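A quick write-up on the structure given underneath.
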Amino acid sequence: MSFLGHLPEPQEILPAFDMGIFPSTYAGETFPLFLLECFQAGLPAVATDVGEIPAIFGSPPDARPGALVSAALPPAALAQALAEEILRPATDRHLAARWAANAAARSRTYDLEALIDFYEACFRDLVEGQAAPRHAAE
């Protein structure tokens, strides 16, 4: 493990990684950009289920770009559960490939052009009086 300090363009080194790990226990996590950067690089991730992280991972579980671990576990059990999920793809190549494919697919949900199209459609619906709820993942 290496601590590289501040990197102005972290996406340049992400392809050298096997996985992203985000073990936060802070319930206020909103949108960890690190996870999206991992997914854009085709990297799966193991993270805790705090804040908005489960929404970023999406559902159903077999379409997720990695694993979510309950942050409510006691510290020793949380560390053990994280370690087990981090090691799973090392012994299951099919799982590793599925997580990587799911990561790349999940990153497209947050593609800038797709988000612009989504918001344009929302505003168009509002202007036309058809304010039906939409979801960005549609």
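A short reminder: the numbers here are calculations on the coordinates, not readings from a lab. Predicted model only: the values in this text are computed from it and were never measured. We place every Cβ from the backbone using ideal geometry, glycine too, and count neighbours over all the protein chains shown.
Each of 13, 89, 79 was placed along the dipole of the stretch 11-110 (beta-carbon charges, centred on the mean Cα), and the one lying farthest toward the positive end is 89.
Modelled spin-label separation between residue 119 and residue 25, with each label point placed 7 Å from Cα along the Cα-to-Cβ direction: 3.6 nm. By the count of neighbouring beta-carbon atoms within 10 Å, fewest first, 127, 46 end up ordered 127, 46. As a proxy for reagent exposure, ranking 91, 109, 48 by other Cβ atoms within 10 Å from fewest up yields 91, 109, 48. At full extension, residue 49 and residue 63 could sit 3.4 nm farther apart than now, given 0.36 nm per residue minus the alpha carbon distance.
The ranking of 110, 119 from fewest to most other beta carbons within 10 Å of each one's beta carbon is 119, 110.
Take every Cα pair under 8 Å whose residues are at least 6 apart in sequence, average their separation, divide by the length of the chain, and the relative contact order is 21 percent.
Residues whose amide H lies under 5 Å from that of residue 69, counting only those 5 or more places away or on a different chain, are 47, 48, 49; hydrogens are built 1.01 Å from N in the peptide plane. If you plug the beta carbon distance of residue 4 and residue 79 into 1/(1 + (r/R0)^6) with R0 = 30 Å, you get a FRET efficiency near 0.80. Rounded to the nearest Hz, the phi-derived 3J(HN,Hα) couplings of the stretch 99-107 under the Karplus curve 6.51 cos²θ - 1.76 cosθ + 1.60 (θ = phi - 60°) are 4, 5, 5, 5, 5, 4, 5, 5, 5, where x marks glycine and proline. In order along the stretch 28-36, phi translates into HN-Hα couplings of x, 4, 9, 9, x, 4, 3, 5, 5 Hz, rounded to whole numbers, per the Karplus curve 6.51 cos²θ - 1.76 cosθ + 1.60 with θ = phi - 60° and x for Gly and Pro.
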